[in-house]
C-alpha cells in the first residue's frame, strides 16, 4: 500500500522546487536503482511490482505503480532517494559545460555520455534543466552516480576562472575535423533553440562545428545536442 | 472545431495498425510540418493554435490542441499527412541498418543523424519501431523527408544481398579508433537491450566497439544507440 501522503510527495518530486524543499528525488528502472544503491546512495522509500528484487522494497500492484510513476510505461521499481550533498568542483582536464538545455532526456543522455568518456562532472548554467528530474535520471541510466552536475549562477565567470581555452559548439564555426582539438580545455554546448548565451559567446576562444555532409538545396538545420557532444567527445578521445 | 470522428482518428494514428489502414500519420511541431509541406508531402488536415501560420490551417484553441496532441506539451500546429508511397531501395555507398530499436525518439534522432551525414535511407528489421510513430516524426525534425526507412521481413538476407562487408556495433568488438572503417559497407545497430539478432550476427564481417574511457571498478554498461551511431558516422565522414 502507498499512503495518499507518499503518493502526493512522489507526484510533487517531478518539480525541482519540491525536490530541493524535501531533499529528495525519484528514480525509476532496475538498472538506475541498482547503480544508485550499489554506489551507496540512500533511499527513503522503495516500491516494486516484482517480488525479490530488493528485500526491503514494498510490494505494490501494477495499478498502484501506474499511479506513482512519472512515465507512461512504468518500470518494476521506483525509489525515493536523498539528494546527494553538493561537492566541490574538481580540476579535470576536459570540462564540459551546458548552457540552457531544457530537455531532461537530453541532459540524462549527456550525463551517460560523459560517464562513458571518463569525465566526472558537468558545469551547467542555472537555466539548464535539473539533473534530478525523473526523466534525466532515467536517461542517465545510473551514470549520475559518477558524473556530478554543478549548477552555477554565472557560468561564464566560472568558466573564465578555470583559465583554460573555451570552445563553443555552434553551426558556423571551424570544422572539428580540421581544427586540432585540445584536451585541456572547456567545451560548451547551448540549447538547440537558443544556442550559447551572448555573455558566454564573447569569452570563447573559437566556435567549432560538426560539418554536415548533405548535398542539395534542402538540408537539416542542426544536430541533436547529445549527438553533437558524442561526436566532440569521440574526437577528443580518439587521439 | 474538431469533430469527434477526427479526434478519434488522430488518437488512433498513434498506432501503426491504424496508420497503415488509413494511409495517414500525424506530425506535430512547426519545423517538422514546414519541412513536410515544403517537400511536397500532402496533408488531409491541419490544426493550429497560432493564427497565420498556414492559411488553410483550421484555427483551434489550446484546450482543443491538448485533446489531440500525442505529447505532454503540445506544439502550435498538428497535421494529418498521407503516408508516402514506398520507394525502391537505392544503392548507396554506406548503408545503415537498424535491428529492433523500440524507442521512437531514438529512431527519429537516428533519421536526423543520417540526414546530417548525407545518407538517404535506413534499412530496418520489422521489429524496429515504425518511423511514422508521432514521437519518431517529432524527433526526426523533418529529416524524414530526406531519409527513407525501409522495413524488411528478413533484414539479414537483404543485407547479404547488398554484397558489401557488414559490420555490427557491439560492446565486445574491435575499437573503431583502431580498425580502419570503410565507407562502402553496411553498419548495423541493434537494440540497447537485445543487441543484434543471432541470425544477423553470423553474417557479420566484424564487430566494432566504441571503447570507453572510464577507469575504476564501476563503469557504465552501454552508450545510447543514437549516440553510438553519431560516433560511427563521424568516424566514417571525418576521413
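Worth pointing out:
- Exam field: residue B:153 pseudo-label spacings to other copies (7 Å along Cα-Cβ), nanometres: 6.7
- Rounded to the nearest 5, the antiparallel percentage of DSSP beta bridges internal to the protein assembly as shown is 30%.
- Residue and distance (whole Å) for the chain B Cβ nearest the axis that superposes B on A: B:230, 2
- Of all DSSP beta bridges in segment B:84-185, antiparallel share, percent nearest 5: 0
- Copies compared at residue B:83 - label distances in nm, ascending, label defined 7 Å from Cα in the Cβ direction: 4.7
- Cα gyration tensor shape for the protein assembly as shown, rounded if a/c is under 1.5, else prolate or oblate: rounded
- Choice from A:228, A:158, A:48 showing the highest fluctuation, given a GNM over chain A with Cα pairs closer than 10 Å: A:158
- Only DSSP H runs of four or more residues enter the estimate; each adds -39500 (n - 2.57), and after division by the residues of chain A the mean residue ellipticity at 222 nm equals -8500 deg cm²/dmol.
- Chain B: most fluctuating residue of B:62, B:13, B:78 per GNM, C-alpha cutoff 10 Å: B:62
- On Cα atoms only, tilt of A:104-116 relative to the major axis of chain A in degrees: 70
- The other copies place their residue A:58 label points at 4.7 nm from this one, listed shortest first, where each point is 7 Å from Cα along Cα→Cβ.
- Alpha-carbon Rg/Rh ratio, for segment A:4-82, with Rh computed the Kirkwood way: 0.93
- For segment B:95-238, projected area of the alpha-carbon convex hull averaged over all directions, nm²: 8.5
- Nearest-ten-degree value, helix A:225-237 long axis tilted from longest Cα axis of chain A: 60
- Candidates B:85, B:12, B:64, ranked by Gaussian network fluctuation over chain B, Cα under 10 Å, top entry: B:85
Readers should treat all values here as calculations from the given coordinates under stated rules, not as data from a laboratory. Because the structure is a prediction, the values reported are computed rather than measured. Quick reminder, even Gly has a Cβ in these numbers, built from the backbone with ideal geometry, and neighbours come from all protein chains shown.
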